Amino acid sequence: MGKGMIKKLFTAKIAVAAILAALGVAGYQSDELEWVRDGVSLVEKAGASGLDSLLPEKTGFRREGGQNGAEAVSEAPSGGNGRAESAWKSLFDDGKSRSDGGRNDKRQVPSKRSYTGRVTSVADGDTLRVTDSDGQKHKIRLAYIDAPEIQQAYGEAARDSLRDMADGKTVAVTVFERDRYRREVAKVEVDGKDLNLAQLRRGAAWHYTSYAAKKQDGSDYAGYAAAMKKAHAGRVGLWKKTDPQEPWNFRKQQREQQENSGKKNRDSGMEWLRLW
């Protein structure tokens, strides 16, 4: 690899690292930044001979003067590397779908709606991973409930509650849709026992009524609401605390803190530039 190519590759990686840092300060989640990392991987795979071929002008795209001096992008016959052209288009098509957090298809129902598998890990009180009977891996968000975040009071206890019921077990999964992070939103059962409902009964989660009211089956909604009400009345689990913070408010608070921190960093940066 020539020195010029090494310099280009190094510069590209530095630029992407800076973009990731800026987006992180702005409050984007790790799952929402995967498309940027894919871009880095694509550049690395291109190597010395393919790096230039990934640029738009090498893949047959050109800018043309348009009406009133405006520019339009048109596709010309490609005389370059067809594989690189395909990779370039793939990167930006994929980036478009990922950069908005999957909002264009965030409610798209997965092709495989029901399956059985084994729980391989439990991340928190409403998120787990399952490997199905075909060996396919799934990240699942339990539908219609919202457990405390790990950093919150009772967050670890909520995770341990789900882990106790599910970890290593064979489960039946009914998928309703995908969320913005491409997790499957689903009901998970062990031997016919609804784990989503069980978490409410154990006082390990809230019934996510703002969402469930629009989506959940009526009889299931009533059962989930009653389970949370009973746990609350009996001061079970997280309800032992007089006024536990809802996880959606906790997440909002965290985002606001990140935004304020990012604003302070930007203000400091501008002040530093003014000194020069």
Worksheet item: Is there a residue in the range 164-172 that is at pLDDT 95 or above, surrounded by fewer than 18 Cβ atoms within 10 Å (Cβ to Cβ) and under 21 Å from Trp239 (Cβ atoms)?
Response: yes
Discussion item. Residue under question is Ala227, and the condition is that it be modelled with pLDDT of 95 or more, part of a helix (DSSP H, G or I) and not basic (Lys, Arg); does it hold?
Written reply: yes
Worksheet item: Looking at (1) surrounded by fewer than 22 Cβ atoms within 10 Å (Cβ to Cβ); (2) in contact with a Leu (Cβ under 8 Å, 6 or more places away or on another chain), which is the one condition that is false for Ile145?
Response: (1)
Worksheet entry | Single residue of Arg201, Arg178, Arg183 found to be under 22 Å from the mean Cα position of the chain (by Cα), surrounded by fewer than 22 Cβ atoms within 10 Å (Cβ to Cβ) and free of Cβ contacts under 8 Å to residues at least 60 places away in the same chain | Arg183
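At pLDDT below 95 and either closer than 22 Å to Gly237 by Cα or within 23 Å of the chain's Cα centre (by Cα) (or both): is that true of Arg118 in this structure?
So Arg118 fails the test.
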Worksheet item: Out of all the residues in the range 139-156, which are in contact (Cβ under 8 Å) with a residue 40 or more places away in the chain and in contact with an Asp or Glu (Cβ under 9 Å, 6 or more places away or on another chain)?
Response: Lys139, Ile140, Arg141, Leu142, Ala143, Tyr144, Ile145, Asp146, Ala147, Pro148, Glu149
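Tell me which residues, restricted to the range 230-266, are out of contact with any Lys or Arg (no Cβ under 8 Å at 6 or more places or on another chain) and either among the aromatic types (Phe, Trp, Tyr) or outside any helix (DSSP H, G or I) (or both).
Gly234, Arg235, Trp239, Lys241, Thr242, Asp243, Pro244, Gln245, Glu246, Trp248, Phe250
The values are calculated or read from the model by the stated rules, or taken from the named source; none is laboratory data. No experiment lies behind these values; they were computed from the predicted model shown. Please note: Cβ atoms are built from the backbone with ideal geometry, for glycine as well, and neighbour counts cover all protein chains shown.
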